[in-house]
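Step one of this worksheet: look at the structure below.
The values are calculated or read from the model by the stated rules, or taken from the named source; none is laboratory data. As the structure is a prediction and not an experimental result, all values here were calculated from the model. Glycine gets a Cβ as well: all are built from the backbone with ideal geometry, and neighbour counts include every protein chain shown.
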């Protein structure tokens, strides 16, 4: 049951066995909980209900997290204590600085562009006849994997050498050729390649921004709009004075949410360039250092850095939420 | 991630004016329509190009652009039979099965565990309730990367590496903070009178959970279920660390990523492979879009 299953029937059996085992554990918990009643029994029931979740989180999230922080102060083999040296490396090594620079590009560009496109599109298709279809088109990339998105865009960026009868098969290079230019090795040219990868993330996240912002736009009270209309406000000031202030708290949430997601982007970089040609980002570098370069200490430090960078964004997010609820 | 979005979806019955609607009218519709169409086309074209390519013969994909298909259409299903079959060395069918086997428990297990915990947090008073809830809420911000290596060492020490168990357990654990938070919020909105009435009738917490809560909870469970399903199906990182590359355990995303890395110019395989991998999430999404959007609005994006 805990071995590697290799044929399909074996795999299905193993899955069913796992689900049964899980159901049995839950059954035992509910059975015991059912035997307690009254006010004092309530406490026991609560702790029983929380037991599986707390146990899993303690073993699977809290302990590993603390362990990684501890490990980040050790060398590549994880045997001798080296203090903050790994963090020093991240902020001084030439390759690591490129990684940091790229991560900054990603986190600054993606949220703003994706949110702007999402907002504009949400306004443009609002109340139109094809609203739900138009939204689905933009939103679909959100449902597919970053890996598949990477493959789709790698094909868009595909390059064929510029020789007599060789035709371009990638859309971007074909457009360049049609416009009279020479084809470019798009994914190798730095720093252009990092921005081309960022486009993929924008392509995915714009749908998210659009969905959330569209709901916020629809929630603006009718009387405000009506009043502004009677005042003869034009489209641009309607957008600036009414739409934008009304959805502003939502915009902040969308920006920060996309920012956090972007900080941890890994699959796109790995699928499209493997982090080569100076396109690596922190999340990708974490994987490379840990598994390919066998530097556990540096890998751990990169993971911790990711964690540390998320915290201020989350705090900002919660603060602005509080402020918008208070007003 | 992890924070409620301050938006509500209003009922869409009466045709009402909105700022956006006004803005659009004033912008004189043609320009607005053109801009919308341009964005829609830009967003669809990349996928469309690869989709068309997946039905073209290998030689043509590699020598001409997919747009030539419209002047010289030749179609084949050979790419799809190649990625599915074992002889091509791709064997996507096996990885497809793995993805399903990984996903089902990875959705059901955290869903039930979180429902129980959320119930305790929402409807039972016990010492330490607020502190514990806050701690679990805060765990949403922990990036997976921080947990992977120690978790891998735990899996090695209990000897379950290279099995589905590693993926089931880790996906289930990673999902819990978000699931508990979402379900808790939903349960708090159920009128207290319902629960009190059941208690007066002598029902214990077990039967209240099953008879009162669970039926009301379906939309929330569906929203979380779709979220988690898409997350697990589309995951690469967790699979890379725990599953190994063979076709015993690894999901379809992993094989597609490998294919892209080792045979990056085999576009006839990559195009068909990509579409095999996205057919399930896209179908789930299109069928259950309503719940998915509700989940997005209620909460968060984890990771």
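Listing for the model above:
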| quantity | calculated |
| --- | --- |
| Flag if residue B:62 is in contact with a helix residue (DSSP H, G or I) (Cβ under 8 Å, 6 or more places away or on another chain) and outside any helix (DSSP H, G or I) | no |
| Failed criterion for residue B:261 (all others in (1) buried (at least 18 other Cβ atoms within 10 Å of the Cβ); (2) in a helix (DSSP H, G or I); (3) facing chain A (nearest Cβ under 7 Å) hold) | (1) |
| Lone qualifier among A:53, A:5, A:18 - being crowded, with 18+ Cβ neighbours inside 10 Å, facing chain B (nearest Cβ under 9 Å) and more than 30 Å from residue B:246 (Cβ to Cβ) | A:53 |
| Filter result for the condition that a residue is touching a residue at least 60 places away in the same chain (Cβ under 8 Å) and either facing another protein chain (nearest Cβ under 8 Å) or at negative phi (or both), over B:273, B:245, B:204 | B:273 |
| Search result, residues across segment A:294-327 that are without any contact (Cβ under 8 Å) to a residue 24 or more places away in the chain, closer than 20 Å to residue A:82 by Cβ and surrounded by fewer than 17 Cβ atoms within 10 Å (Cβ to Cβ) | A:308 |
| So residue B:192, is it more than 26 Å from residue B:234 (Cα to Cα) and facing chain A (nearest Cβ under 7 Å) | no |
| Residue that is nearest to the other protein chains (Cβ to nearest Cβ), among those in segment A:56-77 that are surrounded by 13 or more Cβ atoms within 10 Å (Cβ to Cβ) and assigned to a loop (DSSP other than H, G, I, E, B) | A:72 |
| Check on residue B:150, in the same structural domain as residue B:180 (by TED's automatic domain parsing), over 22 Å from the mean Cα position of the chain (by Cα) and within 28 Å of residue B:254 (Cα to Cα) | yes |
| Residue that is nearest to the chain's Cα centre (by Cα) [pool: residues in segment A:274-283 that are buried (at least 20 other Cβ atoms within 10 Å of the Cβ) and more than 10 Å from chain B (Cβ to nearest Cβ)] | A:281 |
| Some residue of segment B:75-83 being assigned to a helix (DSSP H, G or I), within 28 Å of residue A:136 (Cβ to Cβ) and either in contact with a strand residue (DSSP E or B) (Cβ under 7 Å, 6 or more places away or on another chain) or facing chain A (nearest Cβ under 9 Å) (or both) | no |
| Unique match (being crowded, with 17+ Cβ neighbours inside 10 Å, away from every other protein chain (no Cβ under 11 Å) and outside any helix (DSSP H, G or I)) among A:197, A:186, A:255 | A:186 |
| Number of the exception - residue B:69 against (1) assigned to a helix (DSSP H, G or I); (2) over 30 Å from residue B:225 (Cβ atoms); (3) in the same structural domain as residue B:177 (by TED's automatic domain parsing) | (3) |
| Candidate set: segment A:27-46, residues that are facing chain B (nearest Cβ under 7 Å) and assigned to a helix (DSSP H, G or I); chosen: the one farthest from the chain's Cα centre (by Cα) | A:34 |
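Residues are listed down the side, and each one gets a yes or a no for (1) part of a helix (DSSP H, G or I); (2) free of Cβ contacts under 8 Å to residues at least 40 places away in the same chain; (3) surrounded by fewer than 19 Cβ atoms within 10 Å (Cβ to Cβ); (4) in contact with a helix residue (DSSP H, G or I) (Cβ under 6 Å, 6 or more places away or on another chain):
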site: B:89; (1), (2), (3), (4): no, yes, yes, no
site: B:94; (1), (2), (3), (4): yes, no, no, no
site: B:104; (1), (2), (3), (4): yes, yes, yes, no
site: B:114; (1), (2), (3), (4): yes, no, no, yes
site: B:130; (1), (2), (3), (4): yes, yes, yes, no
site: B:134; (1), (2), (3), (4): yes, yes, yes, no
